[in-house]
Amino acid sequence: MAHMSSFFSLLLFLHFLVPFQCHVASSSSSSAKYHHNRNHSSACSLFEGSWVRDEEYPMPLYEYSRCPIIDPEFNCQMYGRPDSAYLTYRWKPLSCDLPRFNGIEFLMKMEGKTVMFVGDSLGRNQWQSLICMLSSAAPNARTQFLSGDPLSTFKFLDYGMSISFYRAPYLVDVDVFQGKRILRLEEVGRNGDAWKSADVLSFNTGHWWTHQGSLQGWDYVNLRGKYYQDMDRLAALEIGMKTWANWVDNNIDRSRTKVFFQAISPTHYNLSQLFISQHGLITYHVRRFAKRITSPMRRSPVPNEWNTRKTTTLMPTKNCYGETAPIRDTSSYPGPYPEQMRIVDMVIREMKNPAYLMDTTFLSALRKDGHPSIYSGELSPQQRANPDHSADCSHWCLPGLPDTWNELLYTALFY
């Protein structure tokens, strides 16, 4: 009832409301310099390394034509991607080799259990990848697919094992009141009830926090009993992440459930688009981060390994269209490091029982060649003819990069 009372007050004075930005100080701005090295259970630093081409390694681990679960927006080969060399690269950590993915071992060790991916469409990307990898390993296994919203589940009946995807792009609650979508930064809500039963939980968030206009997933933000039309997106992410972390610490039995957090998935649009997608409110963050964007040191790894295409403007384009190979220079992060990732890193470190951070941002940032680009079933012929404005440089092709994410998940679970 408190929510309703506050919201009615908002509606009564809505015509007096001026668009408002709530600038909540983000502790990420003072966080220590990011380090790729992490203390893992093994001596191998899984997330530092390079992409190596290995045509003898059995890649990909499945064929798109034999995995009907793949959404059209991820199914690049079905929708005309002409090259396939991007499928021959594997991730090579600096000090070890990843164990080869064994789908039968995965199914047997997870017999009678549930793996659940929770988050946005990047989580769905990874969920479908794992289903394809396991289906290829056990092609004759009886299966069942239950599609729903927010929960979809794929079952391997012979193993009593389920792989689910729960759509919760902000991880915190979004509800609807009198036709308005309210993003509640301090509540997980009923979503969490479905998460408690899983044996393995893999969370992700990030991209939806930056969406604006017609892509924005909420109309008002609710924080400390007040409603706002907008606020600093990084500050909102930090508050939402802390709400999620507190919920996990207080509601998940870590003696039976393993908790992972999939790092921020990078995009590969041109520099100005990349900036907007990572930082959200451009009018606020341009002033704050301008030096970071224009620094030659920051930008130096990017231009010399991108294919550039002249357009009707004086600027060459640099998005993922036409890219067929990874970035080779692994000496530094290729471009401005996502501020979102600093927040994720900080929040997880502060948990009472930290989730295992699948720190894949760097290795994914090298894969400018891995996106659907114009080879997506979601695009019309007219859109495909205009890659500068229509290329999808956010999601990932299947087969493709999310398969490596799942190889790393497999390693973290069983080795």
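The values are calculated or read from the model by the stated rules, or taken from the named source; none is laboratory data. Please read all numbers here as calculations on a predicted model, not as lab measurements. Quick reminder, even Gly has a Cβ in these numbers, built from the backbone with ideal geometry, and neighbours come from all protein chains shown. For accessibility, only protein heavy atoms count, side chains too; no ligands or nucleic acids. Shrake-Rupley method; radii C 1.70, N 1.55, O 1.52, S 1.80 Å.
One table, with the values for the structure above:
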| read-out | value |
| --- | --- |
| Cα-projected label distance for residue 256 with residue 324, points at 7 Å along beta-carbon direction, nm | 5.3 |
| Per residue, in Å², the accessible surface of the range 338-415 once ligands and nucleic acids are set aside, probe 1.4 Å | 28 |
| Sulfur and carbon atoms: percent of accessible area, the range 341-406 [1.4 Å] | 48 |
| Packing rank of 93-106, 252-265, where each peptide gets the mean count of other beta carbons within 10 Å, highest leading | 252-265, 93-106 |
| Cα-based equivalent ellipsoid of the range 83-150: semi-axis lengths in Å, sorted from largest, via gyration tensor | 24, 18, 14 |
| Per-selection Rg to Rh, the range 109-234 - Cα, Kirkwood hydrodynamic radius | 1.06 |
| Whether the range 44-94 is rounded, prolate or oblate, judged on the alpha carbon gyration tensor where a/c under 1.5 counts as rounded | prolate |
| When each of 113/226; 113/242; 109/352; 226/352; 92/242 is checked by Cα-Cα distance, pairs over 31 Å | 113/226; 92/242 |
| Cut-off under 5 Å, modelled amide H: who pairs with residue 202 long-range | 116, 117, 118, 260 |
| Portion, in percent, of the accessible area of the range 133-187 that falls on carbon or sulfur, probe 1.4 Å | 44 |
| Backbone N under 17 Å from the residue 215 label point (7 Å along Cα→Cβ), restricted to the range 376-415 | 376-380, 383-384, 386-397 |
| Contour minus Cα-Cα distance for residue 181 and residue 104 (0.36 nm per residue) | 23.4 nm |
| Per-pair calculated FRET efficiency, R0 = 22 Å: residue 85 and residue 386 via Cβ, rounded to 0.05 | 0.30 |
| Label-point gap, in nm, between residue 413 and residue 144 - each point 7 angstrom along Cα→Cβ | 2.0 |
